[in-house]
Amino acid sequence: MGLSRTVWVALPAAALVLWFVGLQARPLWDPDEGRYAEIPREMVASGDWLTPRLNDLIYFEKPPLQYWATAVAYELFGEQHWSARLWAALTGLGGVVLAFYAGARLIEPRAGLYAAAMLASSILYFGLAHFNTLDMGLTFFLEVAIFALVFGLRREASARESRIWLHLAWAAAALAVLSKGLIGLVLPLGAVAAYALVYRDRTVWRKAAPLTAVALFAAISVPWFVAVSAENPDFASFFFVHEHFTRFLTTQHHRAQPWWYFGLVLGLGALPWTVPMLAGTWRAFSGRGRNDFDPFAFLALWVAVVVAFFSASGSKMAPYILPVLPALAILGARHLAQIPLGVAARELCASALVAAVILAAAPYAMHQFAPDKAASLSGAPAGIFWLAAAPWAAGAAIAMWAARYNKRDALIVSVALAALAAGQLTLLGAAELSPKESILALAQEIRPQLKPSTRVYVLQMYPQSLPVYLQRTVTLVDYRGELKLGLAREPHKAVATMRDFVALWPRERDAIAIMTDSLHRRLVAAGLPMTVIARDSARIAVRRP
């Protein structure tokens, strides 16, 4: 039974509110959100949009597209939590709209609605659309590239349509490269290669890479790499060797995980749609005919290529697997549109109840397995997690009601809206898990005491959101971390050792230092003059008397 016109208007409005309402509510999480908020802040402050800088030190780990987009948001709307997260939220929403279009065109309009609802409300997708990281922008452009390849390679496409779609695919791949590096090209080409190999269809190579489309890719992606390399001769070796081959082939970045890691991430991250997504993927593999290009088999192979690629890497993080979710949403929507309604209701009801139990048990699990992180998880913070479980339980109940009255659309939409509501509440609860992760309160106490001449030292750590909140860079003491390359080029912008700091501090006339409480006690015992001006649960700020 279909949805009324009123519901078709009300549902997107409700979804948009649930999508954007929490962007300003949470402080920036370090290190990622702080890092990707600070680099564009420095672009705006310095006027240099070519060479990315973090804490006024060169930072070549990632390309600049998201930095540029966030810098534009800062110019238009000011530097806020929500403007720092806007690019991730907008590209995430763009991916949902594209999933609707692809599902409607490949299957039927109803399946487009299902695909959009499934993608928007998947735990991993929704969560990363509300964090200032590079993964959502990359995922959006890879989604454009993969769906454009699907439409361009289909037998039904005319020569003109195919040419347009394939040029769009290569343009999107170029923007994916500018979002996060060479995987923006490697992964789509890997999917095409896998399809050609598995289904013995060499024609996809000839069709997928027209010369003018490859030229368009180069025209979009190459100029920044050439310009930044001309300005910074050490860029190419660091970016292409260290950040790609070394990261992939070694565990140097300390992100090693077992080979099955992404299977677990995908199983939990796709909730509440894990079962229909996986069932739809298996169906695409097993149901492919012998002739012609099969878009669903291609999407299933895309999922397999991405999972296999990152599983083979020596560096594994949960967000890496995000680009498979748009394809899984299409495959899962096709499955839900065609299976008996009772089967769909049981699958989704069970998934929603599992998610509700996980959330309700989260405070207890944190206390049992990570007591240091859960020290403050009592009272209201724990209550947020229990409250977040309620929409999941309500979604399960509505799912059974919808199945009883033969309302397939209501079944899918009710579970999706429940997941979106639970997602926002979960983000609010997660922000309370560990106050140590945010330096916002400390920065708010320090900022009114700063003058243009005040020097801010940060000892043996680097809370990456601190420069964002202070609206200035800081002087690092006895710290290198991911700023090793920049410090090697400009060592005068930091204090190399604590011994140097101890000698320097008594000569300062207007300076503030931030450190741990234990380090503060040691320095005071050593005779350094320090007046405490602010503190939080993890750090203390002092001024030179």
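Residue count for the range 40-51 satisfying the condition of being open to solvent by 20 Å² or more (accessible area, probe 1.4 Å) and either of a type in the set (D, E) or without any contact (Cβ under 8 Å) to a residue 40 or more places away in the chain (or both): 6. For the range 58-110, the helices (runs of 4 or more DSSP H) that sit wholly inside it and include 2 or more residues that are within 28 Å of I412 (Cα to Cα) and hydrophobic (A, V, I, L, M, F, W, C) are 86-106.
Taking the stated definitions as given, is A37 closer than 17 Å to M136 by Cα and either in a helix (DSSP H, G or I) or open to solvent by 50 Å² or more (accessible area, probe 1.4 Å) (or both)? Judged against the criteria, A37 is a match.
Taking first residues from the range 448-459 that are in contact (Cβ under 8 Å) with a residue 12 or more places away in the chain and partners that are open to solvent by 60 Å² or more (accessible area, probe 1.4 Å), the Cβ contacts under 9 Å between residues at least 6 apart in sequence or on separate chains come to L450/Q471; S453/R509; V458/Y479; L459/D478; L459/Y479.
Just so you know, in the range 496-518 the residues that are surrounded by 19 or more Cβ atoms within 10 Å (Cβ to Cβ) and over 33 Å from the mean Cα position of the chain (by Cα) include one that is farthest from D56 (Cα to Cα), and it is W505.
Residues of the range 274-312 being at pLDDT 95 or above, under 20 Å from the mean Cα position of the chain (by Cα) and within 20 Å of L336 (Cβ to Cβ), which ones? Within the range 274-312, W302, V303 meet the criteria.
Scanning the range 127-137 for residues that are open to solvent by 10 Å² or more (accessible area, probe 1.4 Å) and part of a helix (DSSP H, G or I) turns up G127, L128, D135.
Being among the β-branched types (V, I, T) and not in a loop (DSSP other than H, G, I, E, B) is the filter; apply it to the range 416-468 and report the residue that is modelled with the lowest pLDDT. If you could, list the steps in order and put the result at the bottom.
Of all residues in the range 416-468, those among the β-branched types (V, I, T) come to 426, 439, 446, 454, 456, 458, 468.
Still in the running and not in a loop (DSSP other than H, G, I, E, B): 426, 446, 456, 458, 468.
Numbers: T426: 79, I446: 95, V456: 97, V458: 97, V468: 97.
Top of the filtered list is T426.
For the range 474-494, which residues satisfy the criterion of being open to solvent by 60 Å² or more (accessible area, probe 1.4 Å), without any contact (Cβ under 8 Å) to a residue 24 or more places away in the chain and touching a strand residue (DSSP E or B) at 6+ places or on another chain (Cβ under 9 Å)? Result: D478, Y479.
From A525, A541, A443, which residue is without any contact (Cβ under 8 Å) to a residue 60 or more places away in the chain, closer than 22 Å to L28 by Cβ and either surrounded by 12 or more Cβ atoms within 10 Å (Cβ to Cβ) or out of contact with any Phe, Trp or Tyr (no Cβ under 6 Å at 6 or more places or on another chain) (or both)?
Working: A525 fails: closer than 22 Å to L28 by Cβ; A541 fails: without any contact (Cβ under 8 Å) to a residue 60 or more places away in the chain.
After ruling out the rest, the residue left standing is A443.
Here is a check on your reading of the model: is R247 open to solvent by less than 30 Å² (accessible area, probe 1.4 Å) and at pLDDT below 85? Taking the combined requirement at face value, the residue satisfies it. Checked against (1) under 30 Å from V354 (Cα atoms); (2) modelled with pLDDT under 95; (3) crowded, with 24+ Cβ neighbours inside 10 Å, R110 passes all but a single condition, namely (3). In the range 25-34, the qualifying residues are those that are in contact with a Ser or Thr (Cβ under 8 Å, 6 or more places away or on another chain) and outside any helix (DSSP H, G or I), and the one that is surrounded by the most Cβ atoms within 10 Å (Cβ to Cβ) is L28.
Here is the figure for the range 318-332: residues that are under 13 Å from the mean Cα position of the chain (by Cα) and among the small types (G, A, S) total 1.
All told, G94 meets the bar of being modelled with pLDDT of 95 or more and open to solvent by 10 Å² or more (accessible area, probe 1.4 Å). Counting only residues that are part of a helix (DSSP H, G or I) and either open to solvent by 20 Å² or more (accessible area, probe 1.4 Å) or closer than 17 Å to G112 by Cα (or both), the range 294-323 holds 12 of them. Of the candidates W170, W165, the single residue that is among the aromatic types (F, W, Y) and within 22 Å of F309 (Cα to Cα) is W170.
Any residue that is of a type in the set (G, A, S) and open to solvent by 50 Å² or more (accessible area, probe 1.4 Å) - is there at least one of those in the range 191-205?
no
Has the range 477-494 got at least one residue that is part of a strand (DSSP E or B), in contact with a helix residue (DSSP H, G or I) (Cβ under 9 Å, 6 or more places away or on another chain) and not hydroxyl-bearing (S, T, Y)? Yes.
The values are calculated or read from the model by the stated rules, or taken from the named source; none is laboratory data. Keep in mind that this is a model prediction, so the values were computed, not measured. Please note: Cβ atoms are built from the backbone with ideal geometry, for glycine as well, and neighbour counts cover all protein chains shown. With ligands, DNA and RNA removed, areas are computed over all heavy atoms of the protein, side chains included. Shrake-Rupley method; radii C 1.70, N 1.55, O 1.52, S 1.80 Å.
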